[in-house]
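Read-outs: derived from the displayed coordinates by stated rules, not from any lab. Keep in mind it's a predicted model, so treat the numbers as computed, not measured. Reconstructed Cβ throughout: ideal geometry from the backbone, glycine too, with neighbour counts over all protein chains shown.
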Amino acid sequence: MRVCLNTQPGGAGLNEDWVGSTPSLAVVLDGLSTAGLSTGCSHGVPWYVAHLGGYLTAALADHDRSLSDGLSEAIERVAAHHPECDLSNPGTPSATVAILRQGSTTLDHLVLADSPIVLDRAGDYEVITDLRVDDVLPELQAEVAGHETHTPGHREALQRLVRAQREVRNTPEGYWVAASTPEAAQHALTGATPIGEAQAAAVMSDGVSRLVTEYRMADWAKVFTVLRTEGPYGLIESVRKIEATDPTGRRWPRYKSGDDATVAFCQW
């Protein structure tokens, strides 16, 4: 498996995405925004995703270990790495997870929350994603969408949404992400695809997939054409050019003018 990677921050702040690969593995993590609220952790989201990504890559080097078990182990190891922090805080640093691993006969996948994996099946595109978060607190999501970005009203609405999301995060009534509880890994969506059925795959954060799903300025065929001709960097640049035409979110209401954007492009 040949993997090309790129990740870019969405603005002046630190990049809260993480991407890594081996010859048989691609991992993308998208750290959840804190919206300026306390997390109970002195380290921060970039620290969390970097450690989770490292432990996860190490755990999944053992191909006899399932993706879910590897993720569970990695979450547990990160939690043990900063016990002085308040890991019971509902806002403790957390991340979405998307993993693709090549085995002897199959491509195994895991997604936890809304960072998708898209498989190119000879021109047919299968999107593997976990959108349970979209069903949570729709009225508060709509309130955020009612404000332009970079306004006091937008910031206040986003903080209300994040506070409410934290109360149902990693509960049966809400949605699941990687945070401090290993149990979350068992709620991920997993599956396998015969290797011969996929020509290529894109593992990405939603900062990239929104080009198709939210902005509707491309389809998956176009995305894979750009990946093959311009690589992951070119695809992220396509997203940035679209966002630059709508910097305050009038046309496409969103949480940030530009989100951190990450792609791992896999070919065989």
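Worth a mention:
- FRET E, pair A80, Q186, Förster distance 25 Å, beta-carbon r, rounded to 0.05: 0.85
- Note that the range 217-227 has calculated 3J(HN,Hα) couplings of 9, 7, 10, 5, 4, 5, 4, 6, 5, 5, 4 Hz, one per residue in order, obtained from phi through the Karplus relation 6.51 cos²θ - 1.76 cosθ + 1.60 (θ = phi - 60°); glycine and proline are x.
- Assigned charges on the beta-carbon of Lys, Arg, Asp, Glu; the chain dipole about Cα centre (debye): 600
- Scaling against 2.2 N^0.38 Å puts the C-alpha radius of gyration of the range 1-106 at 1.12.
- Residue-by-residue Karplus 3J(HN,Hα) for the range 38-54, coefficients 6.51, -1.76, 1.60, Hz, glycine and proline x: 5, 10, x, 10, 7, 9, x, 5, x, 4, 5, 5, 5, 6, 4, x, x
- Packing-based ranking of 113-121, 4-12, 242-250, 172-180 yields 113-121, 172-180, 4-12, 242-250, ordered from highest to lowest mean Cβ neighbour count within 10 Å.
- Separation of the range 71-104 from the range 178-218 is 17 Å, based on Cα centroids.
- The stretch between Y125 and E173 holds 14.2 nm of extra length on full extension. This uses 0.36 nm per residue minus the Cα-Cα distance.
- Distance between modelled label sites at D246 and R2, nm, 7 Å Cα→Cβ extension: 3.5
- One way to sum up the overall shape of the range 145-268 is the equivalent ellipsoid from its Cα gyration tensor, whose semi-axes run 28, 25, 10 Å, largest first.
- Couplings 3J(HN,Hα) of the range 14-30, computed from phi: 5, 6, 9, 8, 8, 9, x, 8, 10, x, 10, 9, 9, 10, 10, 10, 10 Hz, in residue order, whole Hz [Karplus 6.51 cos²θ - 1.76 cosθ + 1.60, θ = phi - 60°; x for Gly and Pro].
- Gyration tensor verdict on the range 82-227 (Cα atoms; rounded if a/c is under 1.5, prolate if a/b is larger than b/c, oblate otherwise): oblate
- Working value for the chain: equivalent-ellipsoid semi-axes of 27, 24, 15 Å, each the square root of 5 times a Cα gyration tensor eigenvalue, largest first.
- Ranked by the mean number of other Cβ atoms within 10 Å of their residues, highest first, the peptides 199-209, 98-108 fall in the order 199-209, 98-108.
- Note on the range 145-206: the alpha carbon radius of gyration divided by the globular reference 2.2 N^0.38 Å gives 1.66.
- Per-pair calculated FRET efficiency, R0 = 30 Å: H150 and K222 via Cβ, rounded to 0.05: 0.55
- Value of [θ]222 nm, deg cm²/dmol, for the chain, DSSP H segments ≥ 4, -39500 (n - 2.57) each, nearest 500: -10500 deg cm²/dmol
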